[in-house]
Amino acid sequence: MSEPIRVAIDFKSPTSYLAIAPSRALETRLGRTFDWLPVSVPALARPKPAAASEDRGARHRRIRAAYVANDLRRYAAARGLELGDVHREPDTTAASLGLLWLRRQASARVSDYVDRVFDRVWRENADADVGFVVEALAEEADGFRAYAAGDGPHELEAVRAGLADAGVWNTPAYLVADDLFIGRQHLPMVEWLAGGRTGTPPI
């Protein structure tokens, strides 16, 4: 397969963050570099306190929201990571613009940039604002502020709209040719497809 594997991520999403290491491992096994693209998905629903008046639907949403948050924390803890508040909604627009800028200017540096932004947001619990992005872009920062204030937001919206049209509604999302997989649990299938469908397909 010669088409690039596109990976849609949201820097403010803990599910995207937890997918980076296994996605990197797959890149290594395949000997390929993925094409990382920024999207924006709704933050995780914060569980509401139990109430005597809640109906079955409200109880289901509360239990499901609590389970999803606990599941993320379990997987993070197994890897020595501390997620903090998985429901927070930091503004990562500048970081997304930085990703698009770097894809143009120095695509070889994209992987390191993605790692650095996720560490900033989730390890350091800090904002990935324009100042941070300029620092992270380093020698590729020249011209970024003008891009972020000019064409950047329009390009970002176009990328997000294109991914939405492709069916991306959550992250991480892996686009392999005409196939879309949402969630890091699909990496074995992504690997099988990208490897030419050789061997036994994952169950």
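Computed from the coordinates by the stated procedures, all read-outs in this text should not be read as laboratory data. Predicted model, so just to flag it, every value in this text is computed and none were measured. Using ideal geometry, Cβ is built from the backbone for each residue, glycine included, and neighbour counts are taken over all protein chains shown.
Miscellaneous remarks
- Here the gap between D179 and D35, fully extended at 0.36 nm per residue and compared with their Cα-Cα distance, gives a gain of 50.3 nm.
- As a length-normalised measure over Cα pairs under 8 Å and 6 or more apart, the relative contact order of the chain settles at 31 percent.
- Normalised by residue count, the range 45-87 yields a Cα convex hull volume of 56 Å³ per residue.
- When all alpha carbon pairs of the range 1-43 are counted in 5 Å bins from zero, the resulting P(r) reads 5, 21, 29, 23, 14, 6, 2 %.
- Note on the chain: antiparallel DSSP beta bridges, both residues inside, total approximately 65 percent of the bridges counted.
- Taking Lys and Arg as +1 and Asp and Glu as -1, the other residues whose beta-carbon sits under 12 Å from that of P90 total -4.
- Highest average packing first - 47-57, 81-91, 111-121, 5-15, Cβ atoms within 10 Å: 5-15, 111-121, 81-91, 47-57
- This model, with +1 at the C-beta of Lys and Arg and -1 at the C-beta of Asp and Glu, gives the chain a dipole about its Cα centre of some 980 debye.
- Value of Rg to Rh for the range 1-154, rounded to two decimals, is 1.04; Kirkwood radius and Rg both from alpha-carbon coordinates.
- Once the chain from E82 to D129 is taken as fully extended at 0.36 nm per residue, the excess over their C-alpha distance is 14.8 nm.
- Residues of the range 10-37 with amide N under 15 Å of the 7 Å Cα→Cβ point at A108: 33
- Integer Hz, Karplus 6.51/-1.76/1.60 couplings in order for the range 98-113, x for Gly and Pro: x, 5, 5, 4, 5, 4, 6, 8, 7, 4, 5, 9, 4, 4, 5, 5
- Farthest positive-ward along the range 23-174 dipole, Cα basis, beta-carbon charges - from H87, I63, A128: I63
- Projecting label points 7 angstrom from Cα along Cα→Cβ for H60 and N170 puts them 1.5 nm apart.
- Sorted on the mean count of surrounding Cβ atoms within 10 Å across their residues, most packed first, peptides 97-103, 72-78 read 97-103, 72-78.
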